[in-house]
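Participant: Sharing a structure below in C-alpha cells format, with a few things to ask.
The values are calculated or read from the model by the stated rules, or taken from the named source; none is laboratory data. Because the structure is a prediction, the values reported are computed rather than measured. Using ideal geometry, Cβ is built from the backbone for each residue, glycine included, and neighbour counts are taken over all protein chains shown.
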Amino acid sequence: MELHIVIEGRKDLAGQLYRQLGDAIRSGRLAHGQQLPPSRLLAEQLGVSRKTVSDAYSRLTLDNLVVGKAGAGSFVQAPARRSAQPAHAAPLAAAATVARWDTLPAPLRHPQQEGGSRFEFVGGRPAASLFPQEDWRRCILHGMRQETQRRGRYTDAEGVPALRDAIARHVAFTRGVACTAAQVVVTNGAQQALDLLGRILLEPGSVAAVEDPGYPAARMLFAGQGAHVAGVPVDRDGIVPELIPASARLIYVTPAHQFPLGVPMSVARKRALLARARAIGAIVIEDDYDSAFRYEGRPTDSLKGMDKHGLVAYVGTFSKVLTPELRLGFMVAPDALLNAVHNAKHYCDWHTATLAQHALARFISDGALLKHIRRCHAVYAQRRERLQAGFAAWLAPWFELLPATAGFHLAAQCKDSMDMDQLLRLARRADVGLYTLGKFYCDHPPREGLLLGYGAIDTLDIDAALLRVRDILGEMR
C-alpha cells in the first residue's frame with residue numbers, strides 16, 4: 001500500500017511533500033510512531049529524486065514531527081492534538097431518517113457493561129467453559145481444506161450448500177420443521193435474518209406487531225426501518241392474537257420460550273395466531289432462539305411445523321448453543337419470500353463468511369452439535385433446579401417464578417411493588433448481577449420482576465448468590 005501523497009507539477013517538490021506530510025501528521029492521519037517509507041522507496045513511488053524526499057524528511061525532523069532512528073528508519077512524532085473545533089456541517093436532506101436511527105434506544109448494545117459481577121444472572125450468554133474446543137478445532141481444519149478448493153471466489157448469497165443441507169436436516173429432526181436445503185438462508189446471526197425480513201416486508205409507516213414484553217433488538221430494528229411497531233400483550237399462553245392490528249405486515253414472536261417471560265405458547269394459541277396471520281395476510285417470524293434446551297413436558301410443534309399456508313419464517317441461531325462470537329444464524333423462508341430474501345442478502349453483504357460455514361456443516365453432520373447440546377442440557381438442568389429451589393425456599397416472599405419448559409433463563413415476577421433500581425444497585429455492590437424485566441416492555445405498563453440467565457453462573461454459585469439477594473431484600477423491607 002503506497003503512502004497517499006499528491007505531487008502536482010515539477011516545482012517546489014520538496015515543499016509539496018513537506019507540507020502534505022506535516023498536515024497528515026498534525027491532523028492525526030499519520031499516527032504517532034508510524035514508520036514512514038524509506039526515502040528511496042518513496043522517491044520511486046512519487047517519481048521524484050531521493051534528495052527531494054530526504055530534504056522533506058529533514059525539514060519535518062527540524063519541526064519535531066519526524067524522528068530518525070539509526071538502522072530503523074524515520075518515524076512519526078505527532079504533537080499533542082488540540083481539541084478539534086466543531087465543523088459547520090451542511091444540513092442533510094436525510095436528517096430525519098438519520099435522527100430516527102440516532103435516537104433509537106439500545107439496551108443490549110454494550111454487553112461488556114453487563115456481566116462484570118462474580119455472581120452473574122445475565123441472560124442469553126451460554127456457558128463459555130462448555131464450548132467444544134477440540135471438536136470445533138477439528139471442524140475448522142476441515143473448513144480450511146474446503147476453502148483451498150474455492151479460494152478467491154464468492155459463493156451463493158444463501159450460504160454454503162453443505163451447511164444449508166445440514167441445517168435443514170437438523171431442524172427437521174429436532175423441531176419438526178419440514179423444509180429443504182433450498183429454503184434455508186445462512187445469515188450473520190439471527191439478527192441479520194430479522195433485518196432481511198424487515199427489509200422486504202416493511203416500508204415507512206407500515207405496521208410490525210411484536211410481543212410486549214419482547215426482544216428489544218427486534219423492536220428497534222423494525223422501528224429503524226420506518227415501521228410503526230405495535231406492542232401486543234403477552235399472557236401465560238403467549239401473544240394475544242385478537243389484539244394484533246389488522247394492518248400488521250409481520251408478527252414477531254418467540255413461541256417456544258417467550259423472551260423475556262419464558263412462557264411457552266400453548267398449542268391452541270399457536271393455532272389462533274396462525275389463523276390471525278392468515279386473516280390479515282401477515283408473515284409470522286418465529287424466533288426459535290434457545291429451544292434446543294428442553295426440560296419438561298412433551299415437545300410441541302413449532303409454528304413452522306404447523307404452518308399450512310406458507311406464512312411462517314423460521315429463524316434460528318447458533319449463538320445460544322455454541323457461542324455469540326460465531327455470528328452464524330439462519331432462516332427457513334416461506335417460498336413466497338425466498339427469492340426476495342436471496343436478493344436482499346446478496347445486496348446486503350453478498351454472503352456470510354464461508355470458513356465458519358464449512359466448519360459448522362461438518363460439526364452438525366458429525367453429530368458433534370447434538371452431543372454438545374446434550375452436555376449443555378445436563379449442566380443447565382442442574383442450574384435451573386437450583387434456581388427453582390432457591391426461589392421456592394428463600395425468595396418466595398418476594399417473587400414468583402413463571403413457568404418455562406425450555407431455554408436457559410427464567411423470569412420471576414414481583415408479588416408486591418418493589419424498588420427494582422435499588423435492588424439492582426445493592427445487588428451489584430454485593431457482586432451479584434441482576435437484570436430487570438421492565439426494560440423489555442414498550443407500549444404497556446411494565447410488570448416488575450427479574451430475568452435470570454443461568455448460562456454465565458456456575459451451579460455451585462447459585463445458592464450463595466440467592467442468599468445474598470435474600471439478605472438485601474430483607475434489609476430493604
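Participant: Please specify each residue of the range 265-294 satisfying the condition of being part of a helix (DSSP H, G or I) and hydroxyl-bearing (Ser, Thr, Tyr). Walk me through it before giving the result.
Facilitator: Filtering the range 265-294 down to residues part of a helix (DSSP H, G or I) leaves 267-280.
Those that are part of a helix (DSSP H, G or I) and hydroxyl-bearing (Ser, Thr, Tyr): none in the range 265-294.
Participant: I would also like to ask the following. Among 164, 175, which is the only one that is modelled with pLDDT under 95 and either closer than 24 Å to residue 250 by Cβ or surrounded by fewer than 18 Cβ atoms within 10 Å (Cβ to Cβ) (or both)?
Facilitator: 175
Participant: Turning to a different aspect of this structure: Under the condition of being under 17 Å from residue 193 (Cβ atoms) and of a type in the set (D, E, K, R), which residue from the range 279-294 is farthest from the chain's Cα centre (by Cα)?
Facilitator: Here the answer is 286.
Participant: Inspect the range 380-403 for any residue being free of Cβ contacts under 8 Å to residues at least 12 places away in the same chain and under 22 Å from residue 316 (Cα atoms) and give the result as yes or no.
Facilitator: Checked against the condition, which is being free of Cβ contacts under 8 Å to residues at least 12 places away in the same chain and under 22 Å from residue 316 (Cα atoms), the range 380-403 yields no hits at all.
Participant: Oh, and also: Can you tell me which condition residue 301 does not meet? The list is (1) in contact (Cβ under 8 Å) with a residue 60 or more places away in the chain; (2) surrounded by 20 or more Cβ atoms within 10 Å (Cβ to Cβ); (3) of a type in the set (D, E, K, R), and all the others hold.
Facilitator: (2)
Participant: Residues 116, 152, 123: which one is crowded, with 21+ Cβ neighbours inside 10 Å and assigned to a loop (DSSP other than H, G, I, E, B)?
Facilitator: Working: 116 fails: crowded, with 21+ Cβ neighbours inside 10 Å; 152 fails: crowded, with 21+ Cβ neighbours inside 10 Å.
Only one candidate qualifies: 123.
Participant: Separate question: For the condition surrounded by fewer than 22 Cβ atoms within 10 Å (Cβ to Cβ), free of Cβ contacts under 8 Å to residues at least 12 places away in the same chain, of a type outside the set (Val, Ile, Thr) and within 22 Å of residue 318 (Cβ to Cβ), what is the one hit in 367, 474?
Facilitator: Values: 474 fails: within 22 Å of residue 318 (Cβ to Cβ).
Every option except 367 fails the conditions.
Yes/no per residue for (1) in contact with a Pro (Cβ under 6 Å, 6 or more places away or on another chain); (2) farther than 20 Å from residue 331 by Cβ; (3) of a type in the set (A, V, I, L, M, F, W, C); (4) modelled with pLDDT of 95 or more:
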residue	(1), (2), (3), (4)
199	no, no, no, yes
230	yes, yes, yes, yes
252	no, no, no, yes
282	no, no, yes, yes
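Participant: Which is under 25 Å from the mean Cα position of the chain (by Cα) and either assigned to a loop (DSSP other than H, G, I, E, B) or under 25 Å from residue 226 (Cα atoms) (or both), of 262, 297, 310? Please lay out each step first, then the result.
Facilitator: Details: 297 fails: under 25 Å from the mean Cα position of the chain (by Cα); 310 fails: under 25 Å from the mean Cα position of the chain (by Cα).
From the options 262, 297, 310, the qualifying one is 262.
Participant: Moving on to the next point. In contact (Cβ under 8 Å) with a residue 40 or more places away in the chain and within 29 Å of residue 299 (Cβ to Cβ): which single residue out of 190, 181, 172 fits that description?
Facilitator: Within the list 190, 181, 172, the selection yields 190.
Participant: Suppose we filter 410, 337, 387 for residues that are assigned to a strand (DSSP E or B) and touching a strand residue (DSSP E or B) at 6+ places or on another chain (Cβ under 7 Å); which single one remains?
Facilitator: One residue alone meets the criteria, 410.
Here's the yes/no breakdown for (1) assigned by TED's automatic domain parsing to the domain that holds residue 324; (2) at pLDDT 95 or above; (3) surrounded by 18 or more Cβ atoms within 10 Å (Cβ to Cβ); (4) closer than 19 Å to residue 118 by Cα:
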| site | (1), (2), (3), (4) |
| --- | --- |
| 387 | no, yes, yes, yes |
| 403 | no, no, no, no |
| 409 | no, yes, yes, yes |
| 432 | no, yes, yes, yes |
| 460 | no, yes, no, yes |
| 464 | no, yes, no, yes |
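Participant: Among residues belonging to the range 1-49 that are among the β-branched types (Val, Ile, Thr) and in the same structural domain as residue 60 (by TED's automatic domain parsing), point out the one that is nearest to residue 68 (Cα to Cα).
Facilitator: Within the range 1-49, the match that is nearest to residue 68 (Cα to Cα) is 25.
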